[in-house]
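Here, each number is a calculation from the coordinates, and none is a lab measurement. Please read these numbers as outputs of a predicted model, since none were measured by experiment. Note that we place each Cβ from the backbone using ideal geometry, even for glycine, and neighbour counts take in every protein chain shown.
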Amino acid sequence: MKKRTIFILILLILLMGVTGCMSEVSSQEAILTYLEEKYDEKFEVEAFKEGSDAFKQMYGADKVIVHPEGKPEHVFLAGEYREHDGKYYDNYILSIWSDELTKHFEKEISEILTGVDYEYRILLYVVGEKYDKTMIEMSVFDYLANVNHDADIILNLAVKENQRPNIDEYSNEIYDLYKLINSTNTESNSVSIGFVDKSTDVKDYIRTSAVNNVPWSNMIGKMYGTLAVHKQFEISDSSQIAEYYQPMRK
C-alpha cells in the first residue's frame, strides 16, 4: 500500500512538471502566433517569464522577451494581458523607434564623449494606447512632432573605467548629454549613467535595458556608481551635475 502511494505521488510530481513545461511551450507559441500574424514577421524568444494563472491581476500573466529574426537590436516585450485571457500586447514599435533614436544621436554622442569608453542605448516609453501597428513605418521624429509628444526618453549609458571616477571630470560631458536629450522636446526625458569597471561586459545589458527591468545596482559586474539627471531638475550649469552622483559600495 505504501509503495503504491509513493508511486502515485512521484507520478503526480512528474505530471505537474510535464504540464508546466507544456503550458510554457503552448503559451510561448500563442504569443509568437499573435506577433507573427500581427506583423507578418518571424520572431525569436530570448526569455520566458511565467505568470500566475490564479493571481494574474496581482502578479501578471505569461510574457516573453523577443526579437525579430536577424534583428536582435529590436528586442522587446510581449505577453498576455493580465485583465483579459487570450488577449496579447507588445511594444515592438517602441523598440524600432528606440533603435532609430539610438542611431540618430550616435554622431553627436560620440563627439561629446570623445576619448570615453562607453556603451549606450536610447529608450523610448509611450503609453500603449497612444500608438498602434499602422505606425510601424513612421519615423519616431514624425510621431513625436505631429502625433504625440507625451513620451519618456532615456539615454542609458554605461561608462567604463579602471577605477572610481572623478565625476567633476565628466560634468561638462554629462551636461551636454542632458541638453542633447532635452532637445527631443518630450514631456519627460533623462540621462541615466552607470560607471562600470572595464572588465564588465555591459553590451547585452544595454541592448535589453528597455525590457530587462534590472537597475544599475543589480547589474552583474563591478559597479563604481550611478548618476541620473531628469528634465524636471532644470539643471542650468555643469557644476550641478556632480551632486546627482551616487557611489556604489560594492
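List the lysines whose Cα sits under 17 Å from the Cα of LYS49, skipping any in the same chain fewer than 8 residues away.
LYS63, LYS87
In vacuum, with every alpha carbon of the stretch 97-226 counted as one equal point scatterer, what does the Debye formula give for log10 I(q)/I(0) at q = 0.16, 0.18, 0.19, 0.21 Å⁻¹? Two decimals, please.
So the normalised log intensities are -0.83, -1.01, -1.10, -1.29.
Under 25 Å between alpha carbons: how many lysine pairs meet that in the stretch 88-227, if sequence neighbours fewer than 8 apart on the same chain are excluded?
Pairs that pass both the separation and distance tests number 17.
Quick one: of the DSSP bridges fully inside the stretch 104-245, what percent are antiparallel, nearest 5?
Working: 16 of 26 bridges.
Taking every DSSP beta bridge within the stretch 104-245, about 60 percent pair in antiparallel fashion.
Starting with the highest mean, order 26-32, 73-79 by the number of other Cβ atoms within 10 Å, averaged over the residues of each peptide.
Highest to lowest by the protection proxy: 73-79, 26-32.
Give the separation of the Cα centroids, the stretch 161-213 to the stretch 95-133, in Å.
Measuring centre to centre over Cα atoms gives 11 Å.
How big is D for the stretch 154-250, in µm² s⁻¹ as a whole number, if Stokes-Einstein is applied with the Kirkwood radius of its Cα pairs at 37 °C and 0.692 mPa s? Present the calculation step by step, with values, prior to reporting the outcome.
On the way: Rh = 13.9 Å.
D, rounded to a whole number, is 237 µm²/s.
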